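The values are calculated or read from the model by the stated rules, or taken from the named source; none is laboratory data. Quantities reported herein were computed from a predicted structural model and do not represent experimental measurements. As a convention, Cβ positions derive from the backbone with ideal geometry for all residues, glycine included, and neighbour counts pool all protein chains shown.
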Amino acid sequence: MLTRILSYSLLGLCGAGLLVAWMPDRFAWYIFEALVYGVLVLWMIAWLMGKVGGRWSWLFVPLFAIVVWGVVQLLMHRSVYAFATEADTIRWGAYFSVFFLAVQLFGEQGSESFFRRTFTIYALFLAVISVFQFFLGNGKIFWLFPTVELAGLGPFLNRDHYASFIALAIPCAAVEMLRRPQQRWFFALIIAIFYASVIAGASRAGFGIVTLELILLFLILKFSGRLSLAVVTLMVVLGFVVGWGTLYERLRAPDPYTGRREVAAATIQMIKSRPWIGFGLGTWTEVYPAYARRDFGVFVNAAHNDWLQWTAEGGIPMLACLIPLFCGALVVVAKMPWAFGVPIVFLHSLVDFPMQGRFLPAIVFLVFGVAVGTAMKRRRTHSD
């Protein structure tokens, strides 16, 4: 009973947090961090009292090592902006807590299926709301909340972040479609809605990465030719409903990497300046102007390549922590294909910055943690 309460609390926090991801100030994020740490403390107390069991995964090590590395940078006074590094270290601590709790709280009989269905329906709700807001919105988030930036897709101010979120949801819907023959057409329609919403958002990299994901899913899950044709037909039809025009015009850009090339080059120079210690977690925006080769006339808030940004902030040790996480995600996907969106988001991070947000990475580590916990439980059951 306690495990169920804590698992519902974790799901509720991550789901509610994403709905307020658009907020410009960090007040909502600080509340989220405090509550997540609170759930972690409750679980630890229950574990110490013998009320719940614990699981160990080697993936805890690289993720927790990122938190430790941030502390080391602070203690060594090697961060160029201690406040930013402190905040980012706490942020990574929250992600570790989400991942750790997901591993501990999920994996029991039925919890995996419950999570897949819940996450799929939650993502469907956001996708439908996002498309309607995109075409029929009044410039406000959910038609209610004004923002400095023009409201985009639901709570997402960035079309690329939205595409990464959908990339997490599509494999869940695909697995549910295969495991529930009586509801196959319902889940096929959900996949088509997800894909059409990415087309509406017109993220070039997002469209490419989601398309690649679907092709690989068709192969991994061994979709029949008939089912594949049905899903593709639905996706194309709904694509015409939302319109291909904006995405087509953006794909026709002669050099889609314009601007990002210069930012990436500057970030590489940052890495060369401090390859081993980095400038401090969370400090990229403060350091970048000193290495910028071009003034774009706007505030550049990210490197548009999470892997480069991570390495610039944390040096090679940070990269050494993240590569095992990516490899671990690939290993988990071999057993839990519904978590295929996790490595896809990491790949998307090579050309965009979905992991530089606050609430979206929490969803990534939630999905990752549930998949790891379920895989561990299955392995233990088979060994018994």
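Structure data summary
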| read-out | value |
| --- | --- |
| Which numbered condition residue 165 misses (of (1) out of contact with any strand residue (DSSP E or B) (no Cβ under 9 Å at 6 or more places or on another chain); (2) under 30 Å from residue 68 (Cβ atoms)) | (1) |
| Enumeration of residues in region 25-82 that are in contact with a Lys or Arg (Cβ under 9 Å, 6 or more places away or on another chain) and of a type outside the set (Gly, Ala, Ser) | 26, 29, 32, 33, 45, 55, 72, 78 |
| Residue match in region 226-242 (condition: in contact (Cβ under 8 Å) with a residue 60 or more places away in the chain, assigned to a helix (DSSP H, G or I), on the phi < 0 side of the Ramachandran plot and not aromatic (Phe, Trp, Tyr)) | yes |
| Count of residues meeting criterion [in contact with a Lys or Arg (Cβ under 9 Å, 6 or more places away or on another chain) and either buried (at least 20 other Cβ atoms within 10 Å of the Cβ) or closer than 25 Å to residue 92 by Cβ (or both)] in region 251-285 | 10 |
| Index of the failed condition, residue 259 passing every other in (1) at positive phi; (2) at pLDDT 90 or above | (2) |
| Of all residues making up region 8-39, the number that are assigned to a helix (DSSP H, G or I), of a type in the set (Gly, Ala, Ser) and closer than 26 Å to residue 128 by Cα | 6 |
| Filter result (aliphatic (A, V, I, L, M) and touching a Lys or Arg at 6+ places or on another chain (Cβ under 9 Å)) within region 121-174 | 151, 153, 173 |
| Residues (without any contact (Cβ under 8 Å) to a residue 60 or more places away in the chain and closer than 19 Å to residue 87 by Cβ) located in region 275-284 | 284 |
| Criterion (of a type in the set (Phe, Trp, Tyr), crowded, with 20+ Cβ neighbours inside 10 Å and more than 30 Å from residue 142 (Cα to Cα)) met by exactly one of 115, 32, 106 | 106 |
| Candidate set: region 146-168, residues that are touching a residue at least 60 places away in the same chain (Cβ under 8 Å) and assigned to a helix (DSSP H, G or I); chosen: the one farthest from residue 116 (Cα to Cα) | 160 |
| Any hit, region 286-303, residues being small (Gly, Ala, Ser), in contact (Cβ under 8 Å) with a residue 12 or more places away in the chain, under 30 Å from residue 177 (Cβ atoms) and surrounded by fewer than 19 Cβ atoms within 10 Å (Cβ to Cβ) | no |
| Failed criterion for residue 339 (all others in (1) surrounded by fewer than 21 Cβ atoms within 10 Å (Cβ to Cβ); (2) within 16 Å of the chain's Cα centre (by Cα); (3) in contact (Cβ under 8 Å) with a residue 40 or more places away in the chain hold) | (1) |
| Failed item, numbered, when residue 289 is tested on (1) part of a loop (DSSP other than H, G, I, E, B); (2) at pLDDT below 95; (3) more than 27 Å from residue 166 (Cβ to Cβ) | (1) |
| Test: residue in region 106-123 that is closer than 30 Å to residue 280 by Cα, out of contact with any Cys (no Cβ under 6 Å at 6 or more places or on another chain) and of a type in the set (Phe, Trp, Tyr) | no |
| Condition check for residue 276: over 27 Å from residue 196 (Cα atoms) and under 21 Å from the mean Cα position of the chain (by Cα) | no |
| Unique match (being buried (at least 21 other Cβ atoms within 10 Å of the Cβ) and aliphatic (A, V, I, L, M)) among 330, 308, 347, 319 | 308 |
| From the options 87, 102, 163, residue that is in contact with a Ser or Thr (Cβ under 6 Å, 6 or more places away or on another chain), among the hydrophobic types (A, V, I, L, M, F, W, C), at pLDDT 95 or above and closer than 21 Å to residue 363 by Cβ | 163 |
| Filter pass, residue 87 being over 21 Å from residue 30 (Cβ atoms) and either outside any loop (DSSP other than H, G, I, E, B) or of a type in the set (Val, Ile, Thr) (or both) | no |
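Each row is one residue, and each column tells you yes or no for (1) touching a residue at least 12 places away in the same chain (Cβ under 8 Å); (2) buried (at least 20 other Cβ atoms within 10 Å of the Cβ).
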{"residue": "131", "(1), (2)": "yes, yes"}
{"residue": "135", "(1), (2)": "yes, no"}
{"residue": "141", "(1), (2)": "yes, yes"}
{"residue": "144", "(1), (2)": "no, no"}
{"residue": "170", "(1), (2)": "yes, yes"}
{"residue": "177", "(1), (2)": "yes, yes"}
{"residue": "202", "(1), (2)": "yes, yes"}
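Yes/no matrix, rows are residues, columns are (1) touching a Gly at 6+ places or on another chain (Cβ under 9 Å); (2) acidic (Asp, Glu):
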site	(1), (2)
284	no, no
293	no, no
306	no, yes
348	yes, no
357	no, no
362	yes, no
371	no, no
374	yes, no
